[in-house]
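Below is one structure, written out as structure tokens, with a few remarks after it.
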Amino acid sequence: MDSFAKLLILFGLILAAVGGLMLFIGKVPYIGKLPGDIYVQRKNFSFYFPLTTSILLSIVLTLLFSLFSRR
């Protein structure tokens, strides 16, 4: 039961970190408004797909995980 409690604490810390990042990223200019992000707005319909932002975030996370996973 002790290891399960530690796992729950770890997940809680990860969720708190992701929440903090989401608050911070909302204030950074150009994130989500890069060239290549798809935004379609019609009379009663809007669609937003952050294609370029997703690719850039994927590259950054891949680099970070590869740096920290090497031992």
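List of remarks:
- If you filter the stretch 24-71 down to residues that are of a type in the set (Gly, Ala, Ser) and at negative phi, you find that the one that is surrounded by the fewest Cβ atoms within 10 Å (Cβ to Cβ) is SER69.
- Qualifying residue in the stretch 10-23 (condition: in a loop (DSSP other than H, G, I, E, B), surrounded by 10 or more Cβ atoms within 10 Å (Cβ to Cβ) and of a type in the set (Gly, Ala, Ser)): no
- Qualifying positions in the stretch 24-71 - small (Gly, Ala, Ser), in a helix (DSSP H, G or I) and over 14 Å from the mean Cα position of the chain (by Cα): SER66, SER69
- Neighbours by Cβ (under 9 Å, 6+ apart or cross-chain): first from the stretch 15-41, in the same structural domain as ILE55 (by TED's automatic domain parsing); second part of a loop (DSSP other than H, G, I, E, B) and among the basic types (Lys, Arg): TYR39/LYS33
The values are calculated or read from the model by the stated rules, or taken from the named source; none is laboratory data. Nothing here was measured: the structure is a model prediction, and the numbers come from that model. Every residue, glycine as well, gets a Cβ built from its backbone with ideal geometry; the counts of neighbours run over all protein chains shown.
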